[in-house]
1. Filter the range B:44-56 down to residues that are surrounded by fewer than 18 Cβ atoms within 10 Å (Cβ to Cβ) and touching a residue at least 12 places away in the same chain (Cβ under 8 Å) and give me whichever is farthest from the other protein chains (Cβ to nearest Cβ).
2. Considering the range A:63-82 alone, what residues qualify as being touching a helix residue (DSSP H, G or I) at 6+ places or on another chain (Cβ under 8 Å), at the interface with chain B (Cβ under 9 Å from one of its Cβ atoms) and surrounded by fewer than 21 Cβ atoms within 10 Å (Cβ to Cβ)?
3. Counting just the residues of the range A:92-115 that are within 14 Å of another protein chain (Cβ to nearest Cβ) and at pLDDT below 95, which one comes out surrounded by the fewest Cβ atoms within 10 Å (Cβ to Cβ)?
4. Residues B:115, B:92: which one is touching a strand residue (DSSP E or B) at 6+ places or on another chain (Cβ under 9 Å) and over 30 Å from residue B:15 (Cβ atoms)?
5. Being assigned to a loop (DSSP other than H, G, I, E, B) and either within 17 Å of residue A:76 (Cβ to Cβ) or touching a residue at least 40 places away in the same chain (Cβ under 8 Å) (or both) is the filter here; which residues of the range A:18-43 pass it?
6. Filter the range A:51-71 for residues that are touching a strand residue (DSSP E or B) at 6+ places or on another chain (Cβ under 9 Å) and under 22 Å from residue A:99 (Cβ atoms) and give the result.
7. Among (1) within 14 Å of chain A (Cβ to nearest Cβ); (2) out of contact with any strand residue (DSSP E or B) (no Cβ under 7 Å at 6 or more places or on another chain); (3) at pLDDT 95 or above, which single condition is residue B:39 missing?
8. Checking residue B:12 against (1) modelled with pLDDT of 90 or more; (2) surrounded by 15 or more Cβ atoms within 10 Å (Cβ to Cβ); (3) within 13 Å of residue B:94 (Cβ to Cβ), which test does it fail?
């Protein structure tokens, strides 16, 4: 499990630096290979699909991701469907990826592994 | 509140008829104006955004929508974000809109009104 998963989010201000390509490549190695860096509406985001056997398990996972989001005051987009949950992390204030997003992605991987 | 909200889903088989334009127009009048009929990946879907004051209220609504989905065995896509939930209903088996989707949309409106 990535060391990142044990980190906490730091305060993210509007003038915090967006991660550059090298930093993203470096941090992405700490996560499950299933995380993709995508660009949506001009904003780089970190996205992964998690699979489940049914809707109830998917929704339970959504709630666990919601719990860590509330703990850290950093909130993803969570798409809940029958048998799958798509989690997308990015930093709204800087319209891009911050180290916090990789911390939260690593913590999301940890939640899935505990499941 | 729409009478549709008091209906239940009927069994939806793979050979059930997809609603045509007239039927959709007729049923859409029973719902909040905020429901949009969209086409995604060639499949007509019924989608509405619900607004909330924070993440926790949005996630609580997601769970209430999840409950009615489980009751009826008919499951939407639910996108949970800070302050908003986007609910999308369609019938996977027929790759389009069935009357059931309008019943569930009306029930989703009722949940939001009760909130």
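1. In the first step, residues of the range B:44-56 are kept if they are surrounded by fewer than 18 Cβ atoms within 10 Å (Cβ to Cβ); the result is B:49, B:51, B:53-54, B:56.
Going one step further and asking which of them are touching a residue at least 12 places away in the same chain (Cβ under 8 Å), we end up with B:49, B:51, B:53-54.
Values: B:49: 13, B:51: 15, B:53: 13, B:54: 9 Å.
So, considering only residues that are surrounded by fewer than 18 Cβ atoms within 10 Å (Cβ to Cβ) and touching a residue at least 12 places away in the same chain (Cβ under 8 Å), the one farthest from the other protein chains (Cβ to nearest Cβ) is B:51.
2. Correct list: A:63, A:70, A:81, A:82.
3. By that ranking, first place goes to A:93.
4. Details: B:92 fails: over 30 Å from residue B:15 (Cβ atoms).
None of the other options fit; the residue is B:115.
5. First, pick out the residues of the range A:18-43 that are assigned to a loop (DSSP other than H, G, I, E, B): A:18-20, A:29-35, A:41-42.
Within the range A:18-43, A:18, A:19, A:30, A:31, A:32, A:34, A:35, A:41, A:42 meet the criteria.
6. Within the range A:51-71, A:65, A:66, A:69 meet the criteria.
7. Just one mismatch for residue B:39, condition (1).
8. Answer for residue B:12: the failing condition is (1).
The values are calculated or read from the model by the stated rules, or taken from the named source; none is laboratory data. Predicted, not measured: the structure shown is a model, and the values here were computed from it. Heads up, the Cβs are rebuilt from the backbone with ideal geometry, glycines too, and the neighbour counts pull from every protein chain shown.
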